[in-house]
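Before any comments, here is the structure.
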Amino acid sequence: MSKENSTNQFQEIISHCKEYGFIFPSSEIYEGLSAVYDYGQNGIELKNNLQQYWWKSMVQLHENIVGIDAAIFMHPKTWKASGHVDAFMDPLIDNKDSKKRYRADVLIEDAMAKIEEKIEKEAEKAAKKFGDSFNREMFLQTNPNVLRNKEKLNVIETRFKNALEENNLTELRQIIIDLEIACPISGTKNWTEVRQFNLMFSTEIGSVADEAGTIYLRPETAQGIFVNFLNVLNTSRQRIPFGIAQIGKAFRNEIVARQFIFRTREFEQMEMQFFVRPGTEMEWFKHWKAARMKWHRSLGFPENKLKFYDHLKLAHYANAAVDIQFEYPFGIKEIEGIHSRTDFDLKNHQELSGKKLQYFDTELNQSYTPYVVETSVGLNRTFLALICNGYENQKLEDGSERTLLRLPAFLAPVKIAILPLVKKDGLPEKAREIFDVLKFDHKCFYDEKDSIGKRYRRQDAIGTPFCITVDHQTLEDSTVTLRDRDTMQQERISIERLQQIVNEKVDWRNGLK
Ligand code: ATP
(Lines give C-alpha, C1' and ligand atoms only; values in the text may rest on other atoms or scores of the structure.)
Protein backbone atom coordinates (compact mmCIF):
# COMPACT_ATOMS: atom_id res chain seq x y z
CA MET A 1 0.00 0.00 0.00
CA SER A 2 1.36 3.46 -0.88
CA LYS A 3 2.12 5.92 1.90
CA GLU A 4 -0.77 8.15 0.87
CA ASN A 5 -3.21 5.22 0.89
CA SER A 6 -1.98 4.13 4.33
CA THR A 7 -2.46 7.66 5.67
CA ASN A 8 -5.97 7.83 4.22
CA GLN A 9 -6.80 4.43 5.60
CA PHE A 10 -5.56 5.44 9.04
CA GLN A 11 -7.74 8.56 8.98
CA GLU A 12 -10.69 6.33 8.04
CA ILE A 13 -9.90 4.03 10.95
CA ILE A 14 -9.83 6.97 13.38
CA SER A 15 -13.23 8.17 12.12
CA HIS A 16 -14.60 4.65 12.27
CA CYS A 17 -13.51 4.32 15.90
CA LYS A 18 -15.48 7.43 16.77
CA GLU A 19 -18.54 6.68 14.63
CA TYR A 20 -18.96 3.20 16.11
CA GLY A 21 -18.34 4.01 19.76
CA PHE A 22 -14.81 2.65 20.15
CA ILE A 23 -12.82 5.80 20.91
CA PHE A 24 -13.82 9.41 21.52
CA PRO A 25 -11.52 12.42 21.94
CA SER A 26 -11.38 13.29 25.65
CA SER A 27 -13.66 16.10 26.90
CA GLU A 28 -14.72 16.71 23.32
CA ILE A 29 -17.41 19.26 24.18
CA TYR A 30 -14.54 21.55 25.23
CA GLU A 31 -12.73 20.78 21.98
CA GLY A 32 -10.80 17.89 23.43
CA LEU A 33 -7.48 17.56 25.20
CA SER A 34 -4.56 16.85 22.93
CA ALA A 35 -3.56 13.17 22.78
CA VAL A 36 -6.05 12.04 25.42
CA TYR A 37 -8.86 9.66 24.51
CA ASP A 38 -11.89 8.00 26.07
CA TYR A 39 -13.10 4.53 25.27
CA GLY A 40 -16.74 4.27 24.21
CA GLN A 41 -19.30 1.51 24.63
CA ASN A 42 -17.64 -0.85 22.14
CA GLY A 43 -14.09 0.26 22.89
CA ILE A 44 -14.33 -0.64 26.56
CA GLU A 45 -15.71 -4.11 25.76
CA LEU A 46 -12.84 -4.79 23.36
CA LYS A 47 -10.26 -3.37 25.79
CA ASN A 48 -11.67 -5.42 28.69
CA ASN A 49 -11.69 -8.60 26.61
CA LEU A 50 -8.12 -8.00 25.51
CA GLN A 51 -6.84 -7.43 29.01
CA GLN A 52 -8.70 -10.45 30.31
CA TYR A 53 -7.18 -12.55 27.52
CA TRP A 54 -3.69 -11.36 28.49
CA TRP A 55 -4.42 -12.07 32.16
CA LYS A 56 -5.65 -15.56 31.38
CA SER A 57 -2.71 -16.30 29.09
CA MET A 58 -0.19 -15.10 31.66
CA VAL A 59 -1.68 -15.68 35.12
CA GLN A 60 -4.33 -18.37 34.75
CA LEU A 61 -2.29 -20.59 32.43
CA HIS A 62 0.94 -20.35 34.41
CA GLU A 63 1.09 -21.95 37.82
CA ASN A 64 4.18 -19.89 38.55
CA ILE A 65 2.76 -16.45 37.74
CA VAL A 66 0.54 -14.51 40.12
CA GLY A 67 -1.06 -11.10 39.67
CA ILE A 68 -1.24 -7.95 41.77
CA ASP A 69 -2.75 -4.50 41.47
CA ALA A 70 -0.51 -1.82 42.97
CA ALA A 71 -1.51 1.81 43.47
CA ILE A 72 -0.58 4.46 40.94
CA PHE A 73 0.88 6.71 43.63
CA MET A 74 4.07 5.36 45.18
CA HIS A 75 6.62 6.60 47.67
CA PRO A 76 8.82 9.18 45.84
CA LYS A 77 11.95 7.20 46.72
CA THR A 78 10.68 4.46 44.40
CA TRP A 79 11.52 6.63 41.40
CA LYS A 80 14.92 7.59 42.76
CA ALA A 81 15.78 3.90 43.20
CA SER A 82 14.44 2.92 39.79
CA GLY A 83 16.57 5.55 38.08
CA HIS A 84 13.59 7.43 36.66
CA VAL A 85 14.32 10.70 38.45
CA ASP A 86 17.82 10.84 36.99
CA ALA A 87 17.56 8.96 33.73
CA PHE A 88 14.00 8.80 32.38
CA MET A 89 14.64 11.42 29.75
CA ASP A 90 14.02 11.95 26.08
CA PRO A 91 16.22 14.20 23.94
CA LEU A 92 14.04 16.99 22.55
CA ILE A 93 14.63 19.54 19.83
CA ASP A 94 12.49 22.48 18.66
CA ASN A 95 12.08 23.93 15.22
CA LYS A 96 12.56 27.67 15.62
CA ASP A 97 10.14 28.58 12.83
CA SER A 98 7.16 26.33 13.51
CA LYS A 99 7.85 26.27 17.28
CA LYS A 100 7.07 22.55 17.11
CA ARG A 101 8.85 20.18 19.45
CA TYR A 102 10.23 16.79 18.40
CA ARG A 103 12.11 13.89 19.86
CA ALA A 104 15.58 14.08 18.33
CA ASP A 105 15.98 10.29 18.33
CA VAL A 106 12.62 9.80 16.58
CA LEU A 107 13.52 12.33 13.86
CA ILE A 108 16.70 10.35 13.17
CA GLU A 109 14.94 6.98 13.29
CA ASP A 110 12.32 8.22 10.81
CA ALA A 111 15.02 9.51 8.47
CA MET A 112 16.78 6.14 8.67
CA ALA A 113 13.50 4.37 7.89
CA LYS A 114 13.15 6.59 4.79
CA ILE A 115 16.57 5.46 3.53
CA GLU A 116 15.50 1.84 4.07
CA GLU A 117 12.32 2.57 2.12
CA LYS A 118 14.42 3.95 -0.75
CA ILE A 119 16.40 0.70 -0.89
CA GLU A 120 13.18 -1.31 -0.88
CA LYS A 121 11.66 0.83 -3.65
CA GLU A 122 14.77 0.41 -5.78
CA ALA A 123 14.46 -3.37 -5.39
CA GLU A 124 10.74 -3.32 -6.22
CA LYS A 125 11.39 -1.25 -9.34
CA ALA A 126 14.07 -3.66 -10.50
CA ALA A 127 11.88 -6.68 -9.73
CA LYS A 128 9.19 -5.25 -12.03
CA LYS A 129 11.70 -4.50 -14.76
CA PHE A 130 13.45 -7.88 -14.78
CA GLY A 131 10.46 -10.11 -13.98
CA ASP A 132 11.18 -13.80 -13.30
CA SER A 133 14.92 -13.48 -13.91
CA PHE A 134 15.28 -11.01 -11.00
CA ASN A 135 17.71 -12.06 -8.28
CA ARG A 136 16.92 -9.88 -5.26
CA GLU A 137 19.91 -10.98 -3.18
CA MET A 138 22.33 -10.28 -5.99
CA PHE A 139 20.68 -6.92 -6.74
CA LEU A 140 20.94 -5.79 -3.11
CA GLN A 141 24.61 -6.71 -3.05
CA THR A 142 25.64 -5.05 -6.30
CA ASN A 143 23.38 -2.14 -7.29
CA PRO A 144 25.37 1.12 -6.86
CA ASN A 145 22.37 3.15 -5.56
CA VAL A 146 21.52 0.48 -3.03
CA LEU A 147 25.14 0.19 -1.91
CA ARG A 148 25.44 3.94 -1.49
CA ASN A 149 22.29 4.07 0.64
CA LYS A 150 23.36 1.06 2.69
CA GLU A 151 26.70 2.67 3.41
CA LYS A 152 24.96 5.91 4.42
CA LEU A 153 22.67 3.95 6.72
CA ASN A 154 25.59 2.09 8.35
CA VAL A 155 27.46 5.31 9.06
CA ILE A 156 24.39 7.00 10.55
CA GLU A 157 23.49 3.96 12.61
CA THR A 158 26.95 3.82 14.18
CA ARG A 159 26.99 7.56 14.92
CA PHE A 160 23.45 7.39 16.32
CA LYS A 161 24.22 4.42 18.55
CA ASN A 162 27.38 6.07 19.92
CA ALA A 163 25.61 9.37 20.51
CA LEU A 164 22.84 7.63 22.47
CA GLU A 165 25.28 5.58 24.49
CA GLU A 166 27.45 8.56 25.33
CA ASN A 167 24.44 10.83 25.85
CA ASN A 168 26.03 13.16 23.34
CA LEU A 169 23.30 15.72 22.59
CA THR A 170 25.53 17.87 20.32
CA GLU A 171 26.18 14.85 18.11
CA LEU A 172 22.45 14.03 17.96
CA ARG A 173 21.82 17.55 16.67
CA GLN A 174 24.68 17.22 14.19
CA ILE A 175 23.18 14.00 12.79
CA ILE A 176 19.89 15.84 12.24
CA ILE A 177 21.75 18.60 10.42
CA ASP A 178 23.84 16.15 8.35
CA LEU A 179 20.77 14.18 7.35
CA GLU A 180 19.19 17.48 6.28
CA ILE A 181 16.04 16.72 8.26
CA ALA A 182 13.42 19.42 7.84
CA CYS A 183 10.46 20.17 10.12
CA PRO A 184 7.34 18.69 8.49
CA ILE A 185 5.34 21.80 9.47
CA SER A 186 7.62 24.73 8.53
CA GLY A 187 9.79 22.82 6.07
CA THR A 188 12.90 24.53 7.51
CA LYS A 189 16.05 23.11 9.09
CA ASN A 190 16.26 25.84 11.70
CA TRP A 191 16.78 23.72 14.84
CA THR A 192 17.48 24.57 18.50
CA GLU A 193 20.02 22.69 20.61
CA VAL A 194 18.99 19.23 21.84
CA ARG A 195 17.96 19.12 25.52
CA GLN A 196 17.02 16.34 27.91
CA PHE A 197 13.45 16.29 29.17
CA ASN A 198 12.16 14.19 32.09
CA LEU A 199 8.97 12.36 31.18
CA MET A 200 7.46 11.96 34.64
CA PHE A 201 4.38 13.90 35.70
CA SER A 202 4.58 15.20 39.25
CA THR A 203 1.86 16.29 41.61
CA GLU A 204 1.43 17.14 45.29
CA ILE A 205 0.01 14.95 47.97
CA GLY A 206 -1.62 16.17 51.18
CA SER A 207 -4.36 18.74 51.73
CA VAL A 208 -2.29 21.29 53.64
CA ALA A 209 0.48 23.04 51.72
CA ASP A 210 3.07 22.45 54.48
CA GLU A 211 2.41 18.76 54.48
CA ALA A 212 2.57 18.54 50.75
CA GLY A 213 5.28 16.49 49.15
CA THR A 214 5.98 16.00 45.47
CA ILE A 215 5.01 12.64 44.18
CA TYR A 216 4.95 11.19 40.67
CA LEU A 217 2.32 9.50 38.57
CA ARG A 218 3.96 6.17 37.81
CA PRO A 219 5.61 6.09 34.37
CA GLU A 220 5.55 2.27 34.34
CA THR A 221 3.70 -0.37 36.34
CA ALA A 222 6.84 -2.44 36.91
CA GLN A 223 7.97 -0.68 40.09
CA GLY A 224 4.72 -1.60 41.86
CA ILE A 225 5.78 -5.20 41.31
CA PHE A 226 9.36 -4.77 42.55
CA VAL A 227 8.35 -3.07 45.79
CA ASN A 228 5.91 -5.95 46.43
CA PHE A 229 8.42 -8.69 45.64
CA LEU A 230 8.86 -9.70 49.29
CA ASN A 231 5.14 -9.48 50.07
CA VAL A 232 4.30 -11.86 47.24
CA LEU A 233 7.24 -14.16 47.96
CA ASN A 234 6.20 -14.47 51.61
CA THR A 235 2.50 -15.04 50.97
CA SER A 236 2.17 -16.94 47.70
CA ARG A 237 4.33 -20.04 48.23
CA GLN A 238 6.03 -19.30 44.92
CA ARG A 239 9.62 -20.42 44.40
CA ILE A 240 12.03 -19.10 41.79
CA PRO A 241 11.53 -19.00 38.84
CA PHE A 242 8.21 -17.21 39.21
CA GLY A 243 6.47 -14.15 37.85
CA ILE A 244 4.29 -11.29 39.06
CA ALA A 245 1.87 -9.75 36.58
CA GLN A 246 0.00 -6.49 36.63
CA ILE A 247 -2.26 -4.43 34.39
CA GLY A 248 -2.61 -0.73 35.02
CA LYS A 249 -2.32 2.88 34.01
CA ALA A 250 1.01 4.57 33.42
CA PHE A 251 1.72 8.22 32.65
CA ARG A 252 4.47 9.83 30.60
CA ASN A 253 4.76 13.44 29.58
CA GLU A 254 5.61 12.45 26.00
CA ILE A 255 7.17 15.27 24.00
CA VAL A 256 5.33 14.26 20.90
CA ALA A 257 2.12 12.40 21.60
CA ARG A 258 0.43 11.54 18.31
CA GLN A 259 -0.74 8.81 15.99
CA PHE A 260 -4.05 8.49 17.76
CA ILE A 261 -3.88 6.09 20.72
CA PHE A 262 -0.42 4.81 19.75
CA ARG A 263 1.44 7.31 21.91
CA THR A 264 -0.56 9.06 24.61
CA ARG A 265 0.36 10.65 27.92
CA GLU A 266 -1.94 8.34 29.87
CA PHE A 267 -1.95 4.70 28.82
CA GLU A 268 -2.21 1.15 30.11
CA GLN A 269 0.48 -1.46 30.37
CA MET A 270 0.24 -5.21 30.87
CA GLU A 271 3.49 -6.20 32.50
CA MET A 272 5.01 -9.32 33.95
CA GLN A 273 8.26 -9.46 35.88
CA PHE A 274 9.79 -12.93 35.94
CA PHE A 275 12.25 -13.54 38.80
CA VAL A 276 15.04 -15.97 37.98
CA ARG A 277 18.32 -17.34 39.31
CA PRO A 278 21.24 -15.07 38.22
CA GLY A 279 22.99 -16.56 35.21
CA THR A 280 19.79 -18.11 33.80
CA GLU A 281 18.32 -14.81 32.62
CA MET A 282 19.32 -15.19 28.95
CA GLU A 283 17.54 -18.56 28.76
CA TRP A 284 14.38 -16.97 30.15
CA PHE A 285 14.78 -13.93 27.95
CA LYS A 286 14.75 -16.29 24.94
CA HIS A 287 11.79 -18.18 26.36
CA TRP A 288 9.63 -15.09 26.88
CA LYS A 289 10.65 -13.57 23.57
CA ALA A 290 9.24 -16.62 21.76
CA ALA A 291 6.19 -16.95 24.05
CA ARG A 292 5.18 -13.34 23.64
CA MET A 293 5.52 -13.44 19.84
CA LYS A 294 3.26 -16.51 19.86
CA TRP A 295 0.71 -14.58 21.90
CA HIS A 296 0.61 -11.74 19.36
CA ARG A 297 0.10 -14.27 16.57
CA SER A 298 -2.81 -15.70 18.54
CA LEU A 299 -4.56 -12.35 18.08
CA GLY A 300 -4.72 -13.11 14.38
CA PHE A 301 -1.84 -10.83 13.35
CA PRO A 302 -0.19 -12.22 10.22
CA GLU A 303 3.45 -13.23 10.50
CA ASN A 304 4.65 -10.53 8.11
CA LYS A 305 3.14 -7.76 10.25
CA LEU A 306 5.15 -8.72 13.35
CA LYS A 307 8.88 -8.28 13.78
CA PHE A 308 11.57 -8.45 16.43
CA TYR A 309 13.77 -5.39 16.81
CA ASP A 310 16.93 -5.47 18.92
CA HIS A 311 17.55 -2.22 20.80
CA LEU A 312 20.44 -0.07 19.59
CA LYS A 313 20.71 1.47 23.04
CA LEU A 314 19.90 -0.50 26.16
CA ALA A 315 17.86 1.22 28.88
CA HIS A 316 19.70 2.08 32.07
CA TYR A 317 18.49 -1.14 33.73
CA ALA A 318 18.87 -3.76 30.98
CA ASN A 319 21.49 -6.24 29.75
CA ALA A 320 19.34 -7.39 26.82
CA ALA A 321 16.25 -5.91 25.20
CA VAL A 322 14.08 -6.65 22.22
CA ASP A 323 10.90 -5.06 20.94
CA ILE A 324 8.05 -6.81 19.23
CA GLN A 325 6.96 -4.47 16.47
CA PHE A 326 3.73 -4.34 14.54
CA GLU A 327 3.15 -2.88 11.10
CA TYR A 328 0.66 -0.05 11.71
CA PRO A 329 -0.58 1.99 8.73
CA PHE A 330 1.87 4.73 9.81
CA GLY A 331 4.89 2.43 10.05
CA ILE A 332 6.45 -0.52 11.86
CA LYS A 333 6.41 0.40 15.56
CA GLU A 334 6.92 -1.09 19.00
CA ILE A 335 3.96 -2.86 20.56
CA GLU A 336 5.82 -4.72 23.35
CA GLY A 337 9.20 -4.59 25.02
CA ILE A 338 10.98 -7.61 26.50
CA HIS A 339 13.85 -6.67 28.77
CA SER A 340 16.36 -8.53 30.83
CA ARG A 341 16.47 -6.07 33.76
CA THR A 342 19.20 -7.89 35.73
CA ASP A 343 19.04 -7.28 39.50
CA PHE A 344 19.06 -3.51 38.92
CA ASP A 345 15.67 -2.70 40.43
CA LEU A 346 15.66 -5.03 43.43
CA LYS A 347 19.24 -4.06 44.34
CA ASN A 348 18.50 -0.34 44.20
CA HIS A 349 15.29 -0.69 46.21
CA GLN A 350 17.22 -2.74 48.74
CA GLU A 351 19.84 -0.04 49.03
CA LEU A 352 17.43 2.87 49.38
CA SER A 353 14.86 1.17 51.62
CA GLY A 354 17.34 -0.74 53.77
CA LYS A 355 15.09 -3.84 53.42
CA LYS A 356 16.68 -7.08 52.32
CA LEU A 357 15.09 -8.02 48.99
CA GLN A 358 16.68 -11.41 48.57
CA TYR A 359 15.70 -14.96 47.91
CA PHE A 360 17.01 -18.05 49.67
CA ASP A 361 17.53 -20.76 47.08
CA THR A 362 17.23 -24.09 48.91
CA GLU A 363 18.74 -26.01 46.00
CA LEU A 364 21.89 -23.89 46.02
CA ASN A 365 21.71 -23.32 49.76
CA GLN A 366 22.43 -19.62 49.25
CA SER A 367 20.74 -16.22 49.16
CA TYR A 368 20.84 -13.92 46.16
CA THR A 369 19.08 -11.00 44.54
CA PRO A 370 17.03 -12.52 41.74
CA TYR A 371 17.47 -11.38 38.15
CA VAL A 372 14.39 -10.25 36.27
CA VAL A 373 13.05 -10.73 32.76
CA GLU A 374 10.22 -8.35 31.97
CA THR A 375 7.51 -8.51 29.34
CA SER A 376 5.73 -5.20 28.90
CA VAL A 377 2.97 -4.75 26.35
CA GLY A 378 0.83 -1.69 25.74
CA LEU A 379 -2.88 -2.44 26.07
CA ASN A 380 -3.81 0.56 23.91
CA ARG A 381 -1.24 -0.20 21.25
CA THR A 382 -2.47 -3.79 21.01
CA PHE A 383 -6.04 -2.50 20.80
CA LEU A 384 -4.99 -0.21 17.94
CA ALA A 385 -3.19 -3.06 16.18
CA LEU A 386 -6.35 -5.20 16.39
CA ILE A 387 -8.46 -2.45 14.86
CA CYS A 388 -5.92 -1.66 12.11
CA ASN A 389 -5.46 -5.32 11.28
CA GLY A 390 -9.18 -6.07 11.24
CA TYR A 391 -10.45 -3.01 9.38
CA GLU A 392 -11.53 -3.74 5.83
CA ASN A 393 -13.63 -2.14 3.14
CA GLN A 394 -15.03 -4.95 1.08
CA LYS A 395 -16.65 -4.89 -2.36
CA LEU A 396 -19.34 -7.54 -2.57
CA GLU A 397 -20.38 -9.57 -5.58
CA ASP A 398 -23.64 -7.64 -5.97
CA GLY A 399 -21.64 -4.40 -6.33
CA SER A 400 -22.42 -3.11 -2.84
CA GLU A 401 -19.79 -2.41 -0.20
CA ARG A 402 -19.40 -3.18 3.45
CA THR A 403 -16.94 -2.20 6.17
CA LEU A 404 -16.02 -4.90 8.58
CA LEU A 405 -13.76 -5.40 11.55
CA ARG A 406 -12.26 -8.85 11.49
CA LEU A 407 -11.65 -9.11 15.22
CA PRO A 408 -10.99 -12.52 16.76
CA ALA A 409 -14.39 -13.77 17.94
CA PHE A 410 -13.21 -14.16 21.54
CA LEU A 411 -12.24 -10.48 21.70
CA ALA A 412 -15.15 -8.90 19.83
CA PRO A 413 -17.10 -6.27 21.85
CA VAL A 414 -20.41 -7.92 21.00
CA LYS A 415 -20.33 -11.65 20.49
CA ILE A 416 -23.81 -12.20 19.09
CA ALA A 417 -26.48 -9.95 17.65
CA ILE A 418 -30.00 -11.30 17.91
CA LEU A 419 -32.28 -9.99 15.20
CA PRO A 420 -35.96 -10.69 14.53
CA LEU A 421 -36.46 -10.64 10.76
CA VAL A 422 -39.51 -8.38 11.14
CA LYS A 423 -40.92 -6.40 14.02
CA LYS A 424 -44.19 -8.38 14.22
CA ASP A 425 -45.80 -11.84 14.19
CA GLY A 426 -44.26 -12.77 17.54
CA LEU A 427 -40.67 -12.72 16.16
CA PRO A 428 -39.40 -9.99 18.56
CA GLU A 429 -40.74 -11.97 21.54
CA LYS A 430 -39.00 -15.15 20.36
CA ALA A 431 -35.75 -13.24 19.73
CA ARG A 432 -35.89 -11.75 23.23
CA GLU A 433 -36.29 -15.24 24.70
CA ILE A 434 -33.03 -16.26 23.02
CA PHE A 435 -31.34 -13.02 24.12
CA ASP A 436 -32.34 -13.67 27.74
CA VAL A 437 -30.66 -17.06 27.67
CA LEU A 438 -27.43 -16.10 25.91
CA LYS A 439 -26.85 -12.83 27.77
CA PHE A 440 -25.65 -14.67 30.87
CA ASP A 441 -22.63 -16.01 29.00
CA HIS A 442 -21.91 -13.37 26.39
CA LYS A 443 -22.28 -9.72 25.52
CA CYS A 444 -25.29 -9.82 23.17
CA PHE A 445 -27.05 -7.11 21.21
CA TYR A 446 -30.75 -7.05 20.34
CA ASP A 447 -31.76 -5.02 17.29
CA GLU A 448 -35.08 -4.84 15.47
CA LYS A 449 -34.76 -1.47 13.72
CA ASP A 450 -34.16 -1.13 9.93
CA SER A 451 -33.85 -3.80 7.25
CA ILE A 452 -32.00 -6.98 8.11
CA GLY A 453 -29.25 -6.04 5.61
CA LYS A 454 -28.61 -2.74 7.38
CA ARG A 455 -28.55 -4.46 10.74
CA TYR A 456 -25.97 -6.98 9.50
CA ARG A 457 -23.79 -4.10 8.23
CA ARG A 458 -23.92 -2.37 11.61
CA GLN A 459 -22.69 -5.54 13.30
CA ASP A 460 -19.97 -6.09 10.67
CA ALA A 461 -18.68 -2.59 11.38
CA ILE A 462 -18.16 -3.28 15.09
CA GLY A 463 -16.76 -6.76 14.50
CA THR A 464 -19.65 -8.88 15.84
CA PRO A 465 -18.68 -12.37 14.71
CA PHE A 466 -22.19 -13.89 14.66
CA CYS A 467 -25.76 -12.76 14.01
CA ILE A 468 -28.74 -14.88 14.90
CA THR A 469 -31.87 -14.19 12.88
CA VAL A 470 -35.28 -15.24 14.08
CA ASP A 471 -37.75 -15.70 11.19
CA HIS A 472 -41.16 -17.25 10.61
CA GLN A 473 -39.68 -20.73 10.29
CA THR A 474 -38.34 -20.30 13.84
CA LEU A 475 -41.91 -20.33 15.15
CA GLU A 476 -42.61 -23.59 13.30
CA ASP A 477 -39.50 -25.68 13.95
CA SER A 478 -37.48 -23.82 16.62
CA THR A 479 -34.53 -23.15 14.34
CA VAL A 480 -32.72 -19.88 13.62
CA THR A 481 -30.06 -18.80 11.15
CA LEU A 482 -26.53 -18.18 12.36
CA ARG A 483 -24.63 -15.78 10.10
CA ASP A 484 -20.84 -15.65 10.06
CA ARG A 485 -19.37 -12.11 9.81
CA ASP A 486 -16.42 -12.99 7.59
CA THR A 487 -17.98 -15.43 5.12
CA MET A 488 -21.55 -14.04 5.40
CA GLN A 489 -22.66 -17.70 5.18
CA GLN A 490 -25.77 -18.62 7.10
CA GLU A 491 -26.50 -21.99 8.59
CA ARG A 492 -29.79 -23.13 10.06
CA ILE A 493 -29.49 -24.54 13.54
CA SER A 494 -31.89 -25.54 16.26
CA ILE A 495 -32.33 -23.20 19.23
CA GLU A 496 -31.53 -26.13 21.50
CA ARG A 497 -27.98 -26.39 20.14
CA LEU A 498 -27.46 -22.63 19.95
CA GLN A 499 -25.87 -22.08 23.31
CA GLN A 500 -23.29 -24.81 22.88
CA ILE A 501 -22.40 -23.77 19.33
CA VAL A 502 -21.97 -20.13 20.29
CA ASN A 503 -19.93 -21.04 23.38
CA GLU A 504 -17.52 -23.00 21.23
CA LYS A 505 -17.22 -20.34 18.56
CA VAL A 506 -16.36 -17.48 20.91
CA ASP A 507 -14.23 -19.46 23.37
CA TRP A 508 -10.96 -17.67 24.22
CA ARG A 509 -9.21 -21.07 24.04
CA ASN A 510 -9.53 -20.77 20.23
CA GLY A 511 -6.83 -18.10 20.40
CA LEU A 512 -4.35 -20.35 22.13
CA LYS A 513 -4.85 -23.50 20.07
P1 ATP B 1 8.49 4.06 22.86
O2 ATP B 1 9.93 3.83 22.45
O3 ATP B 1 7.50 3.81 21.77
O4 ATP B 1 8.29 5.35 23.58
P5 ATP B 1 9.14 2.56 25.19
O6 ATP B 1 10.27 1.70 24.69
O7 ATP B 1 9.46 3.76 25.98
O8 ATP B 1 8.17 2.95 23.95
P9 ATP B 1 8.44 0.75 27.25
O10 ATP B 1 8.95 1.60 28.34
O11 ATP B 1 9.21 -0.47 26.85
O12 ATP B 1 8.12 1.65 25.96
O13 ATP B 1 6.93 0.37 27.62
C14 ATP B 1 6.36 -0.88 27.30
C15 ATP B 1 5.15 -0.73 26.42
O16 ATP B 1 4.26 0.26 26.93
C17 ATP B 1 5.46 -0.27 25.01
O18 ATP B 1 5.85 -1.36 24.20
C19 ATP B 1 4.14 0.31 24.57
O20 ATP B 1 3.27 -0.70 24.08
C21 ATP B 1 3.57 0.88 25.85
N22 ATP B 1 3.79 2.34 25.85
C23 ATP B 1 4.89 3.00 26.26
N24 ATP B 1 4.72 4.33 26.14
C25 ATP B 1 3.46 4.52 25.66
C26 ATP B 1 2.68 5.67 25.34
N27 ATP B 1 3.15 6.89 25.51
N28 ATP B 1 1.42 5.49 24.89
C29 ATP B 1 0.92 4.25 24.72
N30 ATP B 1 1.61 3.13 25.02
C31 ATP B 1 2.86 3.24 25.48
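Here is a yes/no grid of residues against (1) among the hydrophobic types (A, V, I, L, M, F, W, C); (2) in a loop (DSSP other than H, G, I, E, B):
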{"site": "GLN174", "(1), (2)": "no, no"}
{"site": "GLU180", "(1), (2)": "no, yes"}
{"site": "PRO184", "(1), (2)": "no, yes"}
{"site": "GLU193", "(1), (2)": "no, yes"}
{"site": "MET200", "(1), (2)": "yes, yes"}
{"site": "PRO219", "(1), (2)": "no, yes"}
Cross-chain or 6+ apart pairs with Cβ under 7 Å, the stretch 241-263 first and closer than 23 Å to MET74 by Cβ and aromatic (Phe, Trp, Tyr), then part of a strand (DSSP E or B) and near the ligand (Cβ under 9 Å from one of its atoms)
PHE251/GLU266
Counting only residues that are of a type in the set (D, E, K, R) and over 10 Å from LYS289 (Cα atoms), which one in the stretch 318-335 is nearest to the ligand (Cβ to nearest atom)?
GLU334
Do we have any residue at all in the stretch 366-375 that's of a type in the set (Phe, Trp, Tyr) and within 16 Å of the ligand (Cβ to nearest atom)?
no
Scanning the stretch 53-76 residue by residue, those surrounded by 13 or more Cβ atoms within 10 Å (Cβ to Cβ) and in contact with a Leu (Cβ under 9 Å, 6 or more places away or on another chain) turn out to be TYR53, TRP54, LYS56, SER57, ILE72, PHE73
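One line per residue, one yes/no per condition, for (1) under 30 Å from LYS77 (Cα atoms); (2) in contact with a Gly (Cβ under 9 Å, 6 or more places away or on another chain); (3) at pLDDT below 90:
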position	(1), (2), (3)
GLU165	yes, no, yes
LEU169	yes, no, no
ASP178	no, no, no
ASN190	no, no, no
GLU193	no, no, no
GLU204	yes, yes, yes
Please go through (1) within 16 Å of the ligand (Cβ to nearest atom); (2) farther than 26 Å from ASN49 by Cα; (3) out of contact with any helix residue (DSSP H, G or I) (no Cβ under 9 Å at 6 or more places or on another chain) for LEU233 and return the number of the only condition it doesn't satisfy.
(1)
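Rundown of residues vs (1) among the hydrophobic types (A, V, I, L, M, F, W, C); (2) in a strand (DSSP E or B); (3) modelled with pLDDT of 95 or more; (4) surrounded by 19 or more Cβ atoms within 10 Å (Cβ to Cβ), yes/no style:
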{"position": "LEU407", "(1), (2), (3), (4)": "yes, no, yes, yes"}
{"position": "LEU411", "(1), (2), (3), (4)": "yes, no, yes, yes"}
{"position": "LYS424", "(1), (2), (3), (4)": "no, no, no, no"}
{"position": "ARG457", "(1), (2), (3), (4)": "no, no, yes, no"}
{"position": "THR464", "(1), (2), (3), (4)": "no, no, yes, yes"}
{"position": "VAL480", "(1), (2), (3), (4)": "yes, yes, yes, yes"}
{"position": "GLU491", "(1), (2), (3), (4)": "no, yes, yes, no"}
{"position": "GLN499", "(1), (2), (3), (4)": "no, no, no, no"}
Condition first: under 30 Å from PHE160 (Cβ atoms), hydroxyl-bearing (Ser, Thr, Tyr), surrounded by 13 or more Cβ atoms within 10 Å (Cβ to Cβ) and touching a residue at least 60 places away in the same chain (Cβ under 8 Å). Can you find one or more residues in the stretch 78-93 that meet it?
yes
Of the residues in the stretch 1-33, how many are out of contact with any His (no Cβ under 8 Å at 6 or more places or on another chain) and closer than 25 Å to ILE332 by Cβ?
18
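The values are calculated or read from the model by the stated rules, or taken from the named source; none is laboratory data. These figures come from a predicted structure and were not determined experimentally. Quick reminder, even Gly has a Cβ in these numbers, built from the backbone with ideal geometry, and neighbours come from all protein chains shown.
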